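Shown next, in structure tokens, is the structure this report addresses.
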């Protein structure tokens, strides 16, 4: 696993169920991480800085050779969509568990992908198909109508993107996006898209194999976001009827076939409720953070299927065998402070209790006593709930959030609890600016979620009061007798 945290743990579990041995790689900051403890073997990559560890391509390849590994699973983030790394893996005689380097090149650079899919008849967000400078951006904004969004041609994750509401903001937005893109992706080219303030973000899970089969595993709604980063996801989308579902999934399969897609991926769309139009945003050539909700409503193990397809086998199911059963939510729990700009909150987890019970799943890469460092994404866990319908899944999530206790670091648990009870969310009336426009952060400043009573002390410790109580308790003859050996 060329990754860390909860996704590395998820990959290990799938591999072990398939009878495969696993190798974890780690930085010095992750020496005692859960994925390191769970794997059959572990290899140190280097210091905590990502470029010296999880982004060190040569070190990861060496770790695979050293341990006799046959395949590398990249998870998400880090090197998962880096065609150079994928090509290195392929050229090394190892199996890359994901799309080929050729496919990654086709879909990875946003401008090239927009041109490719547009020419194939898949609708893309209105905008430029070539990189623009300030003057071209101003002209295109006038043609499209404000607001528009300035995006880097390479990379993703919302990095460098800027929404422009006024004409005089375009110059600074283009310059800022180009500067950030050059620093983050080594590519300063930017382009312009029309921005839809009330659009919904809906994505389709796709899967292809080397035998020519391409299918979809339905859609996920990812409209609850902050700074272009997803916060809450659900499946299926409450915005779609069967006709719209057929339309968006057909577009996704068509896009996948156009590029010869193999293994797991996600085709992301904007959905404009006013016109009922879909616009392709991008294709993510990896497993998604939110893949568990698709697994919950279909019974498909996406990560296991990745291994099966990477081994050259055909998909173990056909399109007509798949169906939606119930509804699922995912809440991403981070060590961050929503009330202070979502600033990360590194530190030691001094108390940790996670939810359980019917319809509840927790994907986590941490444990009580784990040190959350400042070097990586501060995700602690994902809480996933399933119900026979959306309302049952929502109420299970509320119950699960009440059961969750994390101490030692600040988290966004209160934010999730507030959103899951917010009237507009309850109705499923969502869009990508939901958090900003509804002033969620401002409204939740004095909100505290209901939390179950925690044990009085951390595991393995006893309070002075408890010890004193034990010493002063009268001796029970029956208790003593029951401990004697006869």
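The figures follow:
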read-out: Failed item in (1) out of contact with any strand residue (DSSP E or B) (no Cβ under 8 Å at 6 or more places or on another chain); (2) in contact (Cβ under 8 Å) with a residue 12 or more places away in the chain, with residue 246 passing the rest; value: (2)
read-out: The listed residue being over 21 Å from the mean Cα position of the chain (by Cα), under 22 Å from residue 372 (Cα atoms) and either without any contact (Cβ under 8 Å) to a residue 40 or more places away in the chain or surrounded by fewer than 16 Cβ atoms within 10 Å (Cβ to Cβ) (or both), out of 24, 39; value: 39
read-out: Flag if residue 353 is at pLDDT 95 or above, surrounded by fewer than 19 Cβ atoms within 10 Å (Cβ to Cβ) and either within 12 Å of residue 407 (Cβ to Cβ) or under 20 Å from the mean Cα position of the chain (by Cα) (or both); value: yes
read-out: Boolean, residue 77 is closer than 26 Å to residue 374 by Cβ, under 25 Å from the mean Cα position of the chain (by Cα) and at pLDDT below 95; value: yes
read-out: Tally of residues being crowded, with 19+ Cβ neighbours inside 10 Å, under 25 Å from the mean Cα position of the chain (by Cα), part of a helix (DSSP H, G or I) and modelled with pLDDT under 95 across segment 83-116; value: 7
read-out: Verdict on residue 180 being touching a strand residue (DSSP E or B) at 6+ places or on another chain (Cβ under 9 Å) and more than 19 Å from residue 285 (Cβ to Cβ); value: yes
read-out: Test result for residue 163, out of contact with any helix residue (DSSP H, G or I) (no Cβ under 6 Å at 6 or more places or on another chain) and not assigned by TED's automatic domain parsing to the domain that holds residue 69; value: yes
read-out: Residue match in segment 294-308 (condition: touching a residue at least 60 places away in the same chain (Cβ under 8 Å) and within 30 Å of residue 193 (Cα to Cα)); value: yes
read-out: Residue that is farthest from residue 369 (Cα to Cα) [pool: residues in segment 437-468 that are surrounded by 13 or more Cβ atoms within 10 Å (Cβ to Cβ) and at pLDDT 95 or above]; value: 438
read-out: Checklist (1) more than 21 Å from the chain's Cα centre (by Cα); (2) at pLDDT 95 or above; (3) over 19 Å from residue 103 (Cα atoms) applied to residue 274, failing item; value: (2)
read-out: Residues of segment 16-35 satisfying the condition of being more than 14 Å from residue 54 (Cβ to Cβ), assigned to a helix (DSSP H, G or I) and touching a helix residue (DSSP H, G or I) at 6+ places or on another chain (Cβ under 7 Å); value: 17, 34
read-out: Criterion (in contact with a strand residue (DSSP E or B) (Cβ under 7 Å, 6 or more places away or on another chain), free of Cβ contacts under 8 Å to residues at least 24 places away in the same chain and not assigned by TED's automatic domain parsing to the domain that holds residue 303) met by exactly one of 87, 66, 105; value: 66
read-out: Residue 243 assigned to a helix (DSSP H, G or I), over 20 Å from residue 435 (Cβ atoms) and either assigned by TED's automatic domain parsing to the domain that holds residue 421 or under 22 Å from the mean Cα position of the chain (by Cα) (or both); value: yes
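Condition check ((1) in a loop (DSSP other than H, G, I, E, B); (2) touching a strand residue (DSSP E or B) at 6+ places or on another chain (Cβ under 9 Å); (3) surrounded by fewer than 16 Cβ atoms within 10 Å (Cβ to Cβ)) across all residues:
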position	(1), (2), (3)
270	no, yes, no
289	yes, yes, no
300	yes, yes, no
306	no, yes, no
314	yes, no, yes
320	no, no, yes
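The values are calculated or read from the model by the stated rules, or taken from the named source; none is laboratory data. Keep in mind it's a predicted model, so treat the numbers as computed, not measured. Cβ coordinates were reconstructed from backbone atoms using ideal geometry, including for glycine residues, and neighbour counts include every protein chain displayed.
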